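I have placed the structure first, in the form of structure tokens, so that the comments after it can refer back to it.
The values are calculated or read from the model by the stated rules, or taken from the named source; none is laboratory data. Fair warning: this is a prediction, and the values are worked out from it, not measured in the lab. Heads up, the Cβs are rebuilt from the backbone with ideal geometry, glycines too, and the neighbour counts pull from every protein chain shown. The accessibility values were calculated without ligands, DNA or RNA, using every heavy atom of the protein model including side chains. Shrake-Rupley method; radii C 1.70, N 1.55, O 1.52, S 1.80 Å.
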Amino acid sequence: MNKFLLAGLLIATLAWYLSFLATRLDRLHNRVETSWANLDGLLQRRAAIAIEIARSEISDPASSLLLTFAAHQAREASVRDRSQAETGLTGALGILLESSGDISSPIELDLVRELDDLTSKIKVAIAMHVEAVDRTQMVRKKFLIRLFRLAGHAPAPVIYEFEGDVL
């Protein structure tokens with residue numbers, strides 16, 4: 001009788017621990033999705049500001065065309081092509097802002113200031129997304145999670161190449 005009670009207690013403890021691990025993993029996956037949604041929203045806003053900058057008098061016609069193309073590519077890129085498109089937009093913005101000399105118009109100054117603020121927010125969002133992905137990948141590698149397939153059919157979270165770039 002004592003052995004059955006001990007075995008039942010051990011099985012209940014294991015079931016509780018597996019449930020705890022599955023819940024934790026689910027929360028980590030939700031955190032990755034939330035951090036990606038936040039980062040994606042900021043990147044979409046950056047592309048919109050890039051289009052506004054391209055339409056302003058900051059850029060010459062050739063730079064304006066290049067920036068507009070890069071911004072549209074970043075906004076409409078598939079998940080697979082997103083890294084390349086975001087890197088291209090970062091490069092186009094960098095070239096344009098380096099080549100633009102003195103900006104005197106208050107509207108254009110506001111656009112550049114908004115872009116700078118957004119870039120710092122994107123850096124924080126990237127750091128949060130990378131940290132969430134790293135933690136989730138670390139938990140997914142645990143033996144019990146792999147043995148009991150607690151991750152289910154959830155795809156493994158990934159870090160995109162552009163997240164390693166300096167914006």
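Some observations on this one:
- Value of Rg to Rh for region 59-111 (Rh from inverse mean 1/r over Cα pairs, i.e. Kirkwood): 1.05
- All Cα-Cα separations within region 100-160 were binned at 5 Å from zero, giving a P(r) of 4, 15, 15, 13, 10, 9, 8, 7, 6, 5, 4, 3, 1, each value a whole percent of the pairs.
- Just the protein heavy atoms count here, and of the accessible area of region 5-44 at 1.4 Å, carbon and sulfur take up 70 percent.
- Cleavage-rule hits, trypsin sites (Lys or Arg not before Pro), region 76-167, DSSP coil, Cβ neighbours within 10 Å at most 16: Arg80, Lys141, Lys142, Arg149
- Relative to the dominant Cα principal axis of the chain, helix 82-99 is inclined by about 30°.
- Rounded to 10°, Cα long-axis angle of helix 2-55 versus longest principal axis of the chain: 10
- Three-way shape label, region 6-58, alpha-carbon gyration tensor, a/c 1.5: prolate
- At most 14 other Cβ within 10 Å, DSSP loop - chymotrypsin sites (Phe, Trp or Tyr not before Pro), region 78-167: Phe148
- Oblate is the label for region 36-129. Its Cα gyration tensor axes, ordered a ≥ b ≥ c, give a/c of at least 1.5 and b/c at or above a/b.
- Mean projection area, nm², convex hull over Cα of the chain: 11.3
- For the chain, the per residue solvent-accessible surface stands at 64 Å², with DNA, RNA and ligands left out and a 1.4 Å probe.
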